[in-house]
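Contents: one structure, followed by commentary.
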Amino acid sequence: MKLQKMLFTVSVVFLLVSSATVAAAGDFDWIQDFNIRAEADPSGFRARLAARFNIGGTQITAVLSNVERPADAYMVLRLGEMSARPTDYVIEKYKTGKGKGWGALAQSLGIKPGSKEFHDLKRGSDFYNDNDKGKGKGKGKGRD
């Protein structure tokens, strides 16, 4: 009987931890689509980074060489902007906190959970306008 209780307890704990992990990953589920779009057009992605963050090719190359995926570069730059921290500082935090998630990194940079900034991060990037997906490039298309 004790073994059954213990197995049941372990199973419940496993399910709770698994569910929490899936829920946390879902907070930033827009990142997968972001990576697909960026990897499909690397030069366009670099141009968007330059325009969005007002940075040059050298800084873009430096960030991209220190992260795994395009969305990581965007998040490093965005978190630096939101926290008013230098990009190098955010990259170091990214490297040392790898695996803890974007929410934990944001918190470590002073972006409080529940704040507008934190919700903006979870909601998605301001980099690709989903209303333009699959539509022409003209201004105003797909917008309210």
Return the total of residues in region 45-87 being under 14 Å from the mean Cα position of the chain (by Cα) and within 22 Å of GLY110 (Cβ to Cβ). 13
In region 88-130, which residue that is over 15 Å from the mean Cα position of the chain (by Cα) and among the polar types (S, T, N, Q) is farthest from ALA38 (Cα to Cα)? SER115
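Every residue, every condition in (1) part of a loop (DSSP other than H, G, I, E, B); (2) in contact with a Gly (Cβ under 8 Å, 6 or more places away or on another chain); (3) at pLDDT below 95, yes or no:
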| site | (1), (2), (3) |
| --- | --- |
| ALA50 | no, yes, no |
| ALA73 | no, no, no |
| VAL90 | no, yes, no |
| PRO113 | yes, yes, yes |
| SER125 | yes, no, yes |
| TYR128 | yes, no, yes |
| GLY134 | yes, no, yes |
| GLY140 | yes, no, yes |
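Yes/no matrix, rows are residues, columns are (1) polar (S, T, N, Q); (2) farther than 19 Å from PHE127 by Cα; (3) touching a residue at least 12 places away in the same chain (Cβ under 8 Å); (4) in contact with a Leu (Cβ under 8 Å, 6 or more places away or on another chain):
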{"site": "ASP29", "(1), (2), (3), (4)": "no, no, no, no"}
{"site": "ASN35", "(1), (2), (3), (4)": "yes, no, yes, no"}
{"site": "ARG78", "(1), (2), (3), (4)": "no, no, yes, yes"}
{"site": "GLU81", "(1), (2), (3), (4)": "no, no, yes, no"}
{"site": "PRO86", "(1), (2), (3), (4)": "no, yes, no, no"}
{"site": "TYR89", "(1), (2), (3), (4)": "no, yes, no, no"}
{"site": "LYS93", "(1), (2), (3), (4)": "no, yes, yes, yes"}
{"site": "THR96", "(1), (2), (3), (4)": "yes, yes, no, no"}
{"site": "ALA104", "(1), (2), (3), (4)": "no, yes, no, no"}
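What are the residues in region 28-48 that are more than 25 Å from LYS100 (Cβ to Cβ) and assigned to a helix (DSSP H, G or I), if any? Give the steps one after another, and end with the answer.
Going residue by residue through region 28-48, those that are more than 25 Å from LYS100 (Cβ to Cβ) are 37, 40-48.
Correct list: ARG37, ALA40, PRO42, SER43, GLY44, PHE45, ARG46, ALA47, ARG48.
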Quick check: is even one residue across region 37-44 under 15 Å from the mean Cα position of the chain (by Cα), small (Gly, Ala, Ser) and closer than 26 Å to SER115 by Cα? no
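Take region 40-72 and flag every residue that is among the polar types (S, T, N, Q) and in contact (Cβ under 8 Å) with a residue 24 or more places away in the chain. Full working, then the answer.
Step one: list which residues in region 40-72 are among the polar types (S, T, N, Q), which gives 43, 54, 58-59, 61, 65-66.
Result: GLN59, ASN66.
The values are calculated or read from the model by the stated rules, or taken from the named source; none is laboratory data. If you're wondering where the values come from, they're calculated on a predicted model, not measured in any experiment. So basically every Cβ, Gly included, is an ideal-geometry build from the backbone, and we count neighbours across all protein chains shown.
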